[in-house]
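Notes follow once the structure below has been shown.
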Amino acid sequence: MKLASYSDGSRDGQLVVVSRDLTQAHYATHVATRLQAVLEDWNFLAPQLQDLYDSLNAGRCRQAFAFDPERCMAPLPRSYHHVQACAYADVAAAGAPQRLASTVQAGDGLWGPHAVVAPAHAALGLDFEAQWGVITSDVPVAASPERALDAVRLVVLCQSMVLRSGDGGEQEARLGTACAPVAMTPDELGPQWERGRLQASLVTHWNGRKLGMSDTAVDMVWPLGKVISQLVAWRPLSTGSLVTLGPVRNLGEGAPGAQRPKGFHALADKRALELAQDGQATTTFLQAGDDVSSELRGRDGASLCGTVRCEVAASPD
């Protein structure tokens, strides 16, 4: 099923069920008003939402209405914990990483599908990282990869905004994370979900031009179950935790340092490859007035969870 949170003036929004084709929606008030409440009592409430979802897709809901992504907050506007793990191979490095790199990020105020960043940030090497992720239930300490996968409740699409400090990325500051309007359960993906590997296309546009179109299952060197298992080696994850998997990367063809990837989902990756190939990075970071948008598409080309878009506000005159 597919779920979203409509803005209603509160911090957590109003839970709605969204049709498979993202055209219709229905309030879930008779089941739960907030997504976190569903996550806390998943085994009891999720089947009720599934019944509503099935009725919505069958056209049997008389109180259904047109789904409006502009009214959406992040599906889970406040996450108890947000950690970003680097699950994909580096386009400018040889071989797979030996250790899982991860970064704890702010989850107390996730942005909705259209976020605006202050133009002053553009002077500090403003970049983005388009990535998919999951929202989990409780994951105990030292959980196995199989147990970790069982805790996955929802799949999401995110864009994190990062300041690279204009010096090649040695000093990064993470501003926040925007989320596509809809979260979906793994079973919704059918054969496109295989043991924690999402088989979809991530398409990213920068100022209307395609920057990347990558396969999310290719070159994912750390499978999702193993990622979560590593994250809980010393501490558990609580219900409502968000785990994102770093910018999607496809290495492409060619030897290390000479690859031709299927585009990019972070400007730092494009700059790193330019530096490796030409000795100089020519791609600039985001500037005032720029916008970048990302979308996950299924095998039929349809959007799976809507579009997430981050915009750098134009400089005041």
Would you list, by chain and number, the aspartates and glutamates whose Cα falls below 13 Å from the Cα of Lys210, excluding same-chain residues fewer than 8 positions away?
-> Asp291, Glu295
Over the Cα atoms of region 2-70, how large are the radius of gyration and the largest Cα-Cα distance (Dmax), in Å?
-> 11.3, 32
Given the options Pro75, Pro140, Pro247, which has the most mean-square fluctuation in a GNM of the chain, springs set between C-alpha atoms less than 10 angstrom apart?
-> Pro140
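Is the shape of the chain rounded, prolate or oblate, going by the alpha carbon gyration tensor and its root eigenvalues a ≥ b ≥ c, with a/c under 1.5 for rounded and a/b larger than b/c for prolate? Before the final figure, lay out the partial values.
On the way: a/c = 1.73, a/b = 1.40, b/c = 1.24.
Since a/c reaches 1.5 and a/b is larger than b/c, the shape of the chain is classed as prolate.
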Using only Cα atoms, tell me the angle between helix 267-278 and the longest principal axis of the chain; keep it within 0 to 90° and round to the nearest 10.
-> 30
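Okay, helix-only estimate at 222 nm for the chain: each DSSP H run of n ≥ 4 adds -39500 (n - 2.57), divide by all residues, round to 500 deg cm²/dmol; what do you get? Mind showing how you got there, number by number?
Working: 5 runs with 48 residues, N = 317.
Only helices count here, giving -4500 deg cm²/dmol.
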Helix 42-57 versus the longest principal axis of the chain: what is the Cα-based angle in degrees, 0 to 90, to the nearest 10?
-> 90
Virtual spin-label span in nm between Val141 and Gln280, 7 Å along Cα→Cβ | 5.4
Using a Gaussian network for the chain with springs between C-alpha atoms less than 10 Å apart, which of these wobbles most: Trp111, Trp222, Trp234?
-> Trp234
Mind checking which of Ala266, Ala233, Ala74 has the largest fluctuation in a GNM of the chain, springs on alpha carbons under 10 Å?
-> Ala233
Put a dot 7 Å past each Cα toward the Cβ at Ser303 and Ala118; how far apart are the dots in nm?
-> 3.0
Remind me, what semi-axes does region 136-226 give for its equivalent ellipsoid, largest first in whole Å, using sqrt of 5 times each Cα gyration tensor eigenvalue?
-> 27, 19, 14
Once label points are set 7 Å from the Cα along Cα→Cβ at both Arg62 and Arg209, what is their separation, rounded to one decimal in nm?
-> 5.4
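All of the numbers you see were taken from the coordinates with simple rules; none came from a lab. Small disclaimer: the values here were computed from a predicted structure and weren't measured. Reconstructed Cβ throughout: ideal geometry from the backbone, glycine too, with neighbour counts over all protein chains shown.
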